[in-house]
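Participant: Pasting a structure below so you can have a look.
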Amino acid sequence: MNLKLVPTSLVLFRFLISPFLLWDALDGETSVWFLVGFVAAFISDIFDGIIARRLGVSTAQLRQADSWADTCLFGCIFISAWLGYRDILIAYRVPLLIVVFAQLVWWIVNLVKYGKPASYHTYSAKFWGITLCIAIIALFGFNYAGITLWLTCIAGTIYSIEEIIITLILPVWTHDVLSIFHALKIRQQLITPTID
């Protein structure tokens, strides 16, 4: 196998496994395979970017596909949670709706400015991903949604706000921007004229 195809394969894996996770949850209950599949998908999300950078294939197209795969995965997870843990989601509707609202604003700002979603993969996005993983394992594995769900809602809101600010800072669409500080540095490089 061509090693340069590994990152693409990991992204494709997340696209393919997402509907199977949802299928497992259609009856309102999930098997142990749901958690196994989710953890495998989460690990693939960690390593696709690392491997892509190591192999020198971290293109804008791959990073966008990575973002869409994440959207597909967590969209299916949310529907699965609604099917099996509706009462819990309703009980936590305020923090969850705040995250959803922040994400909607994120989408609108990026679509208006760039015509497509951002693909920054910020540190805050990585932290939100970790908190999401913990919250999902706690919910589906242990039927728990206390501190873990609150933490992921707070992290998700902070992530969305940071990425909205990054979009407002950057004059052109750019991928892999790790923080607001990196965005400011990129903006300075883009607007500073080069002297030949």
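Participant: It is to be established whether one or more residues within segment 34-56 are polar (S, T, N, Q), within 22 Å of residue 175 (Cβ to Cβ) and buried (at least 20 other Cβ atoms within 10 Å of the Cβ).
Facilitator: Going residue by residue through segment 34-56, those that are polar (S, T, N, Q) are 44.
Of the ones still in play, those that are also within 22 Å of residue 175 (Cβ to Cβ) are 44.
Okay, now just the ones that are also buried (at least 20 other Cβ atoms within 10 Å of the Cβ), so 44.
Yes - at least one qualifying residue is present in segment 34-56.
Participant: Here is a follow-up. Quick one: how many residues across segment 34-46 are within 14 Å of the chain's Cα centre (by Cα) and among the aromatic types (Phe, Trp, Tyr)?
Facilitator: Filtering segment 34-46 for residues within 14 Å of the chain's Cα centre (by Cα) gives 38, 41-46.
From what is left, the residues that are among the aromatic types (Phe, Trp, Tyr) are 38, 42.
Qualifying residue count for the region: 2.
Participant: With the structure loaded, tell me whether residue 65 is over 17 Å from residue 140 (Cα atoms), touching a strand residue (DSSP E or B) at 6+ places or on another chain (Cβ under 8 Å) and among the hydrophobic types (A, V, I, L, M, F, W, C) or whether it fails that test. Working first, answer last.
Facilitator: On the way: over 17 Å from residue 140 (Cα atoms): yes; touching a strand residue (DSSP E or B) at 6+ places or on another chain (Cβ under 8 Å): no; among the hydrophobic types (A, V, I, L, M, F, W, C): yes.
In short, no.
Participant: Does segment 5-16 contain any residue that is assigned to a helix (DSSP H, G or I), over 11 Å from residue 66 (Cα atoms), of a type in the set (A, V, I, L, M) and modelled with pLDDT of 90 or more?
Facilitator: yes
Participant: Ok, one more. List the helices (runs of 4 or more DSSP H) inside segment 101-196, counting only whole elements, that have at least 1 residues being closer than 17 Å to residue 66 by Cα, β-branched (Val, Ile, Thr) and free of Cβ contacts under 8 Å to residues at least 40 places away in the same chain.
Facilitator: Result: 123-142.
Participant: Identify the single condition in (1) touching a residue at least 60 places away in the same chain (Cβ under 8 Å); (2) within 17 Å of the chain's Cα centre (by Cα); (3) surrounded by 15 or more Cβ atoms within 10 Å (Cβ to Cβ) that residue 60 does not satisfy, given that it satisfies every other one.
Facilitator: Of everything listed in (1) touching a residue at least 60 places away in the same chain (Cβ under 8 Å); (2) within 17 Å of the chain's Cα centre (by Cα); (3) surrounded by 15 or more Cβ atoms within 10 Å (Cβ to Cβ), residue 60 misses just condition (3).
Participant: Taking into account only those residues within segment 146-163 that are of a type in the set (A, V, I, L, M) and surrounded by 20 or more Cβ atoms within 10 Å (Cβ to Cβ), which is nearest to the chain's Cα centre (by Cα)? Before the answer, list the steps.
Facilitator: Pass one, segment 146-163, residues of a type in the set (A, V, I, L, M): 147, 149, 151, 154-155, 158, 161.
Among the residues that remain, those that are also surrounded by 20 or more Cβ atoms within 10 Å (Cβ to Cβ) are: 149, 155.
On the way: 149: 16, 155: 12 Å.
Per the criteria, the residue is 155.
Participant: Could you please tell me which pairs satisfy a Cβ distance under 8 Å, a separation of 6+ or placement on different chains, a first residue in segment 25-45 that is closer than 11 Å to residue 84 by Cβ, and a second residue that is among the polar types (S, T, N, Q) and at pLDDT 90 or above?
Facilitator: So the pair list comes out as 25/80; 30/80; 34/80.
Participant: List the pairs whose first member sits in segment 66-79 and is farther than 16 Å from residue 24 by Cβ, whose second member is aromatic (Phe, Trp, Tyr), and whose Cβ atoms are under 6 Å apart, counting only residues at least 6 apart or on separate chains?
Facilitator: Sorted first by the residue in segment 66-79, then by its partner, the pairs are 69/15.
Participant: Residues in segment 169-189: is at least one within 30 Å of residue 35 (Cβ to Cβ), buried (at least 17 other Cβ atoms within 10 Å of the Cβ) and of a type in the set (S, T, N, Q)?
Facilitator: Within segment 169-189, none of the residues are within 30 Å of residue 35 (Cβ to Cβ), buried (at least 17 other Cβ atoms within 10 Å of the Cβ) and of a type in the set (S, T, N, Q).
The values are calculated or read from the model by the stated rules, or taken from the named source; none is laboratory data. Every value quoted in this text rests on a predicted model; they were computed, and no experiment measured them. All Cβ positions, even for glycine, are placed from backbone atoms using ideal geometry, and neighbour counts span all protein chains on display.
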